[in-house]
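Chemist: Take a look at this one; I'll ask things after.
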Number of protein chains: 2
Amino acid sequence: MSSVYRKIKGGVTAPKGFIANAVSTGIKNPNADRLDMALIYSEVSCTAAGTFTTNRVKAAPVRVSQAHLRDADVRAILVNSGNANACTGVKGVKDARLTARIVGKKLGLKQSQVAVCSTGVIGLPMPMARIEPKLPDLVEGLERMKSLSVAQAIMTSDTTHKQIAVRVMIDGIPVKIGACAKGAGMINPHMATMLCFVTTDAKLSKAALSKCVTESVEGSFNRITIDGDMSTNDSVIVLANGESGAPAIKRQTKWCKMFQQALNFVMLEMAKSLVRDGERVTKFVTVNVRGARTFSDARKVAEAVANSSLVKSSWNGNDPNWGRIIHAVGYSKAMIREELIDIHIGGLAACIGGLEAKTKMDSLRKKVAADAFTIDINLNLCEGEYTIYSSDLSPEYVDFNRSEYAYWKQARKDGLTQQ
Amino acid sequence: MSSVYRKIKGGVTAPKGFIANAVSTGIKNPNADRLDMALIYSEVSCTAAGTFTTNRVKAAPVRVSQAHLRDADVRAILVNSGNANACTGVKGVKDARLTARIVGKKLGLKQSQVAVCSTGVIGLPMPMARIEPKLPDLVEGLERMKSLSVAQAIMTSDTTHKQIAVRVMIDGIPVKIGACAKGAGMINPHMATMLCFVTTDAKLSKAALSKCVTESVEGSFNRITIDGDMSTNDSVIVLANGESGAPAIKRQTKWCKMFQQALNFVMLEMAKSLVRDGERVTKFVTVNVRGARTFSDARKVAEAVANSSLVKSSWNGNDPNWGRIIHAVGYSKAMIREELIDIHIGGLAACIGGLEAKTKMDSLRKKVAADAFTIDINLNLCEGEYTIYSSDLSPEYVDFNRSEYAYWKQARKDGLTQQ
């Protein structure tokens with residue numbers, strides 16, 4: 001089937017009626033002229049839906065945005081990088097609310113119509129003295145062509161910005177979906193702060209939008225997430241304003257199915273780009289599990305393999321080590337029968353019936369040496385399937401993550417904290 | 001309380017009535033003159049107990065030894081390093097049984113009285129043509145002073161051998177316990193092959209011995225194990241032959257309690273030594289969790305923290321990063337209340353009530369820079385407690401584990417496999 005959507009240029013301001021802006025407030029470093037605060041705004045009323053981290057330690061902006069999305073018609077998303085505003089207690093919540101109030105007032109919105117997101121270091125209070133004076137500029141500079149700036153402003157250890165836009169025809173009328181995301185700071189995605197903002201000029205009820213968002217997140221960001229574990233700040237927020245002029249999209253219709261496909265594509269592309277740009281990642285690995293007793297068992301196997309430090313280290317070394325893979329399958333807690341397990345690497349048989357296959361090592365090695373490859377694991381028990389998108393583990397990753405200490409010391413000197 | 005046991009010299013041959021030997025068969029490298037096969041033997045009849053990997057992919061010798069311990073009075077342990085005899089199908093089981101039969105015959109034992117263990121690479125068949133001719137020498141050379149050779153023969157990526165012996169007075173008569181172990185090849189212990197063999201001249205029924213072993217393993221090797229996950233080959237086997245002349249140790253008695261304490265000490269020392277000698281480990285970290293709702297919750301928190309790549313990377317970099325620790329606490333799935341969490345590093349407050357403590361960063365940093373330190377996490381909810389022994393994660397670990405490929409290539413050349 002040819003796809004019902006088409007990729008177009010741009011990001012969150014591609015859909016009609018959305019404007020955006022980004023400014024530099026010096027949150028992380030007062031002397032650096034780096035974009036670190038962004039605003040996405042729908043010029044007309046819209047519906048909003050979001051999904052947030054399941055981590056029980058939740059950053060202040062997550063708590064605030066969850067309440068806002070529940071209680072009001074959110075029309076604006078305010079986001080900063082450089083400071084996660086996590087583990088900052090009551091002050092953190094007050095700070096998050098204050099920024100929403102200031103921006104809301106300037107936009108003529110209630111505080112609760114502004115969602116707030118943060119990403120960055122945990123445990124430091126927000127440098128409000130630097131942030132507050134820049135908020136009026138942020139609102140005044142809102143315009144249609146600023147999606148790239150927003151995608152750049154939310155980056156932390158990302159090496160490249162991530163944005164996308166697609167067009168899908170609904171009842172003969174072009175509807176657009178735009179998005180930006182920031183990353184998989186870390187290889188193990190449950191440790192990353194992941195942010196994704198999606199805009200669309202489709203018209204959907206809040207209930208319909210929520211269902212579409214849940215399905216898309218399940219097939220994308222949750223596929224790069226381990227066991228439902230997430231960082232303190234992970235947030236996906238979607239705004240739909242109906243400005244395309246296309247009829248309202250109702251559940252269980254042809255149009256809804258098409259919109260869902262387009263939204264799935266947008267989120268999956270963003271999710272994959274996070275893995276590809278994981279810290280010091282050199283390979284993109286798709287782990288497909290089939291033949292499991294249940295969906296849940298397939299997921300356990302995929303996650304055990306995709307999160308094994310040993311398996312990931314071998315991928316980094318171009319080592320087609322199926323022994324480590326079957327070992328991870330064995331401890332996944334899924335029901336297995338060792339003598340039924342088949343493992344293919346890049347389409348070549350590495351292990352058949354729990355035993356080494358006849359494929360030449362050099363052929364397997366060439367597959368693992370590629371930038372991207374697939375591991376297919378068939379448990380040959382039943383129909384359970386699951387796919388997860390993963391990466392290798394490099395010595396450089398560990399080295400990169402050995403210490404944030406230098407940054408913290410500097411933060412003290414800059415007067416960002418009490419010491 | 002002063003301890004009821006005293007450390008003495010030696011290992012598995014310290015208790016009366018045990019002899020041992022180790023030889024070089026060239027399992028991994030036919031040209032290397034490295035000890036790689038060992039035998040531990042009780043000269044008189046004895047009782048035996050063991051615990052084995054919970055990995056659902058089980059190596060052939062694990063399957064064989066489980067059956068032998070269930071069906072017979074095991075008196076000998078035959079063990080090799082260099083090849084795990086895992087994922088080797090029916091041939092692997094036949095090979096394991098054959099070695100037990102040959103050694104048993106030479107010792108005048110039934111095949112089922114010989115337990116068999118292997119550690120090494122997964123997926124390669126055992127080079128039986130090299131092993132079989134050396135088995136007679138292995139039996140003929142059995143003697144009292146060879147415990148060190150046994151400890152050396154079972155090493156794989158261990159950098160040092162591990163053995164211990166203690167003496168405990170039971171009813172006025174000295175009873176000895178000896179042990180050797182091989183390691184935590186890997187930092188994440190569920191990926192290590194762990195072997196531990198314990199001998200004692202105490203007299204215990206099979207049932208009493210089994211209970212003592214279960215308790216000791218739970219407090220030691222399971223504390224360096226994640227979630228019950230283990231390698232395909234993990235095995236702990238204990239032989240008790242009663243040669244000390246002390247009265248039989250019955251459950252629920254003072255003597256049993258003393259024996260248990262001594263056995264706990266022996267296994268915990270071995271377990272800790274595995275962590276310390278983990279591949280490219282530079283620090284020994286004790287993670288204590290208190291105040292959890294349940295024991296199980298405390299365990300979840302301890303395991304989440306002790307297995308977080310990010311937390312472990314920061315330890316490697318001497319970074320007292322409590323933000324990463326509380327983040328792992330948050331995704332552990334344990335019940336928590338963020339605002340109640342206290343974290344101490346090396347006895348100094350790092351986080352109190354979910355917020356940064358006043359302790360100077362430099363003081364915390366000094367604690368994390370030490371070779372060994374403790375992380376205390378108090379959830380301040382209830383009475384659940386758990387302790388786990390962990391380590392840092394170094395760039396060198398990943399580098400070390402990037403490829404076993406060179407070895408495999410060599411194994412092919414040496415004719416160890418079918419290609």
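Chemist: How many residues does segment A:244-302 contain that are surrounded by 23 or more Cβ atoms within 10 Å (Cβ to Cβ), closer than 30 Å to A:Asn318 by Cβ and under 13 Å from the mean Cα position of the chain (by Cα)?
Modeler: 5
Chemist: Right, something else. Only residues that are part of a loop (DSSP other than H, G, I, E, B) and within 29 Å of A:Gly108 (Cα to Cα): list them for segment A:1-27, please.
Modeler: Within segment A:1-27, A:Gly10, A:Gly11, A:Val12, A:Thr13, A:Ala14, A:Pro15, A:Lys16, A:Gly17, A:Ser24, A:Thr25, A:Gly26, A:Ile27 qualify.
Chemist: While we're looking at this one, here's another question. Report yes if some residue within segment A:159-178 is assigned by TED's automatic domain parsing to the domain that holds A:Thr119, part of a helix (DSSP H, G or I), modelled with pLDDT of 95 or more and not acidic (Asp, Glu); otherwise report no.
Modeler: Checking segment A:159-178: not a single residue is assigned by TED's automatic domain parsing to the domain that holds A:Thr119, part of a helix (DSSP H, G or I), modelled with pLDDT of 95 or more and not acidic (Asp, Glu).
Chemist: Further, regarding this structure: From (1) assigned to a loop (DSSP other than H, G, I, E, B); (2) within 30 Å of B:Phe259 (Cβ to Cβ); (3) hydrophobic (A, V, I, L, M, F, W, C), pick out the condition that doesn't hold for B:Ala38.
Modeler: Going through the list (1) assigned to a loop (DSSP other than H, G, I, E, B); (2) within 30 Å of B:Phe259 (Cβ to Cβ); (3) hydrophobic (A, V, I, L, M, F, W, C), B:Ala38 breaks only (1).
Chemist: Another one. Testing B:Asn222 on (1) touching a residue at least 24 places away in the same chain (Cβ under 8 Å); (2) closer than 30 Å to B:Gly89 by Cβ, one condition comes back false. Which one is that?
Modeler: (1)
Chemist: Same structure, new question: Would you mind telling me which numbered condition in (1) surrounded by 19 or more Cβ atoms within 10 Å (Cβ to Cβ); (2) over 18 Å from A:Ile122 (Cα atoms); (3) facing chain A (nearest Cβ under 9 Å); (4) not acidic (Asp, Glu) B:Asn321 fails?
Modeler: Among (1) surrounded by 19 or more Cβ atoms within 10 Å (Cβ to Cβ); (2) over 18 Å from A:Ile122 (Cα atoms); (3) facing chain A (nearest Cβ under 9 Å); (4) not acidic (Asp, Glu), the lone unmet condition for B:Asn321 is (2).
Chemist: Also, quick follow-up: Out of all the residues in segment A:282-290, is one or more at pLDDT 95 or above and farther than 28 Å from A:Arg6 by Cα?
Modeler: Checked segment A:282-290: at least one residue is at pLDDT 95 or above and farther than 28 Å from A:Arg6 by Cα.
Chemist: Would you confirm, using the coordinates I've provided, whether A:Val62 is of a type in the set (Val, Ile, Thr), within 14 Å of another protein chain (Cβ to nearest Cβ) and surrounded by 19 or more Cβ atoms within 10 Å (Cβ to Cβ)?
Modeler: Criteria met by A:Val62.
Chemist: On to the next question. Could you pull out the residue among B:Val305, B:Val398 that is at the interface with another protein chain (Cβ under 9 Å from one of its Cβ atoms), buried (at least 24 other Cβ atoms within 10 Å of the Cβ) and aliphatic (A, V, I, L, M)?
Modeler: Exactly one of B:Val305, B:Val398 is at the interface with another protein chain (Cβ under 9 Å from one of its Cβ atoms), buried (at least 24 other Cβ atoms within 10 Å of the Cβ) and aliphatic (A, V, I, L, M), namely B:Val398.
Chemist: Can you tell me which residue is surrounded by the fewest Cβ atoms within 10 Å (Cβ to Cβ) among those in segment A:324-340 that are touching a helix residue (DSSP H, G or I) at 6+ places or on another chain (Cβ under 8 Å), in contact (Cβ under 8 Å) with a residue 40 or more places away in the chain and more than 7 Å from every other protein chain (Cβ to nearest Cβ)?
Modeler: A:Met335
Chemist: Sticking with this one: Counting only residues that are in a helix (DSSP H, G or I) and without any contact (Cβ under 8 Å) to a residue 60 or more places away in the chain, which one in segment B:277-308 is farthest from B:Ile325 (Cα to Cα)?
Modeler: B:Lys300
Chemist: Can B:Ala151 be described as closer than 22 Å to B:Thr53 by Cα, in a helix (DSSP H, G or I) and not polar (S, T, N, Q)?
Modeler: Taking the combined requirement at face value, the residue satisfies it.
Chemist: Out of segment B:143-167, which residues are surrounded by 20 or more Cβ atoms within 10 Å (Cβ to Cβ) and among the hydrophobic types (A, V, I, L, M, F, W, C)?
Modeler: B:Val150, B:Ala151, B:Ala153, B:Ile154, B:Met155, B:Ile164, B:Ala165, B:Val166
Chemist: From the list A:Glu143, A:Glu218, which residue is over 28 Å from A:Pro395 (Cβ atoms) and either at pLDDT below 95 or among the hydroxyl-bearing types (Ser, Thr, Tyr) (or both)?
Modeler: Criteria check complete, one pass: A:Glu218.
Table: residues versus (1) over 20 Å from B:Tyr331 (Cβ atoms); (2) buried (at least 19 other Cβ atoms within 10 Å of the Cβ); (3) outside the structural domain of A:Leu35 (by TED's automatic domain parsing).
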{"position": "A:Gly50", "(1), (2), (3)": "no, yes, no"}
{"position": "A:Thr53", "(1), (2), (3)": "no, yes, no"}
{"position": "A:Arg56", "(1), (2), (3)": "no, no, no"}
{"position": "A:Val74", "(1), (2), (3)": "yes, yes, no"}
{"position": "A:Val79", "(1), (2), (3)": "yes, yes, no"}
{"position": "A:Gly82", "(1), (2), (3)": "yes, yes, no"}
{"position": "A:Asp95", "(1), (2), (3)": "yes, yes, no"}
{"position": "A:Ser112", "(1), (2), (3)": "yes, yes, no"}
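Chemist: Please enumerate the residues belonging to segment A:341-395 that are away from every other protein chain (no Cβ under 14 Å) and acidic (Asp, Glu).
Modeler: A:Asp371, A:Asp376, A:Glu383, A:Glu385
Chemist: Okay, next question. Quick check on A:Gly183: is it at pLDDT 95 or above, more than 14 Å from chain B (Cβ to nearest Cβ) and closer than 25 Å to A:Val64 by Cβ?
Modeler: No.
The values are calculated or read from the model by the stated rules, or taken from the named source; none is laboratory data. Computed from a predicted structure; not experimentally measured. Ideal geometry is used to build each Cβ from the backbone, glycine not excepted, and the neighbour counts take in all protein chains shown.
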